[in-house]
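Below is one structure, written out as structure tokens, with a few remarks after it.
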Amino acid sequence: MGKPHLDRLLGKVLRLLAACTMMVLAAICVMLIHAEGASAHGYIESPASRALLCHEGVNADCGQVQYEPQSVEGKGSFPQSGPADGEITGGGVFPELYEQTADRWHKVTIQGGEQTFTWHLTAPHATTEWKYYITKKDWNPNKPLTRDDLEPEPFCYDNDGGARPPTTVTHTCSVPTDRSGYHLILGVWEIADTGNAFYQVIDVNLVNDDSGGEAPAAPTNLVSLSQTSASIAFSWDAATAPNGVKAYEVYRDAQLIGTTSETTYTDTGLTPQTSYTYTVRTVDVAGNTSPFSQPLTVKTTADGSELPVWDPNTVYHGGDRVQHEGAIYEARWWTLGEEPGHADVWRKVE
């Protein structure tokens, strides 16, 4: 084989190697760009967000987010777009974070006024803006968060104009001082080149110097009105609160079963001849809660009859039946003001 031919062959090999090298380098660049985009996540570390407290084990039963608190990523342009109502707190991707009751999540106590919010970014990403929203004074902490629960305008805003931030980002914001108690603060990190945003919600116990920080009074005089084999009705005296009473939370055997703005409640779907213990506490318009009322233990009846509750001001005649403290009694003769279970005039019906 002649030298000219070898030179031509060597030239082809070198050109082929060069082309392959360029292809490999291009592939590496694509992978690096993709990796940067995939890892461009972040979370609010101070005050600690719900997702971060899941990662730290302070919040329980959080699902997958406990392993990746930086990944609460959803569609951007909030609130015009973004996660659906009821899914905002989980970015539309972590359903466990959608759950919302007054006691579901650990609360971080913060003071109203100047407050620093710190994000930890696992990799910076070109950023459009940062926004912070807070729940309204009369928001309902016992239902998943919706846009209507938030103030329409952010209380804190920063526009990065597409710049790439450092791995630690801080914003000094003025947290509202006109409300106290349990509130949600929603931080939104809008990304410039993906159309997505990262969502971080903080469960806060907001403390201010106004009367909003003063707890309401506990309900008093919790009494049963009537009992059947499957239901128990009871009432209590109205409580007082510096901010006004918003609602009452009703608990059966230490579990929340309902919320009402009235001072009566009927618990249904119960088991015959079974004792239940009830407590009630007050919630004011600032989200503060009172101590629990004194407990009331009541027993459902055996036969499901709709008998009247014994009334000390009513005259009863022989054969009349009443309910009293979870049992049924029958009058032996005429009686007024003599309490069933404590007077011989009444016979307990088994």
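Report the Cα-based extents of region 205-254 along its three principal axes, largest first, to the nearest Å.
Extents along the principal axes: 49, 20, 13 Å.
Find the accessible area per residue for region 308-348; the probe is 1.4 Å, ligands and nucleic acids are left out, and the unit is Å².
Accessible area per residue, region 308-348: 58 Å².
From a point 7 Å beyond the Cα of A238 in the direction of its Cβ, which residues of region 246-263 have a backbone N at a distance under 11 Å?
It comes to 262-263, nothing else.
What whole-number value in Å² describes the accessible area per residue of region 68-167 for a 1.4 Å probe?
44 Å²
Compute the signed sum of charges (Lys and Arg +1, Asp and Glu -1) over the other residues within less than 10 Å, Cβ to Cβ, of V65.
-1
Taking a quarter of the surface of the convex hull around the Cα atoms of region 138-221, what do you get in nm²?
That works out to 7.9 nm², a quarter of the Cα hull's surface.
With no solvent and one point on each alpha carbon, what is the Debye value of log10 I(q)/I(0) for the chain at q = 0.08, 0.09 Å⁻¹?
Values returned for q = 0.08, 0.09 Å⁻¹ are -0.58, -0.66.
Report, to the nearest 10°, how far helix 3-38 tilts away from the longest principal axis of the Cα atoms in the chain, using its own Cα long axis and a range of 0 to 90°.
20 degrees
Highest mean first, how do 258-266, 59-67 rank when packing is the count of other Cβ atoms within 10 Å averaged over residues?
So the order, starting with the most tightly packed, is 59-67, 258-266.
Which percent of the accessible area of the chain is formed by carbon and sulfur heavy atoms (probe 1.4 angstrom)?
It is 53 percent, rounded to a whole number.
In deg cm²/dmol and to the nearest 500, what is the mean residue ellipticity at 222 nm of the chain if only DSSP H runs of at least 4 residues count, each as -39500 (n - 2.57), divided by the residue total?
-4000 deg cm²/dmol
When DSSP assigns beta bridges and you keep just the ones with both residues in the chain, what percent turn out antiparallel, to the nearest 5?
The antiparallel fraction comes to roughly 95 percent.
Kindly give the semi-axes, whole Å and largest first, of the ellipsoid equivalent to region 176-318, taking each as the square root of 5 times a Cα gyration tensor eigenvalue.
They are 42, 20, 10 Å, listed from largest to smallest.
For region 261-283 and region 299-342, what is the separation of their Cα centres, given in Å?
21 Å
What is the packing order of peptides 119-131, 325-337, taking the mean over residues of other C-beta atoms within 10 Å and listing the highest first?
By packing density, highest mean first, the sequence is 119-131, 325-337.
Just to confirm my numbers, what's the Cα centroid distance between region 62-79 and region 157-206 in Å?
Between the Cα centre of region 62-79 and that of region 157-206, the gap is 14 Å.
The values are calculated or read from the model by the stated rules, or taken from the named source; none is laboratory data. These numbers were taken from a predicted model, which means no experiment stands behind them. So basically every Cβ, Gly included, is an ideal-geometry build from the backbone, and we count neighbours across all protein chains shown. Note: areas computed on protein heavy atoms with side chains; ligands, DNA, RNA excluded. Shrake-Rupley method; radii C 1.70, N 1.55, O 1.52, S 1.80 Å.
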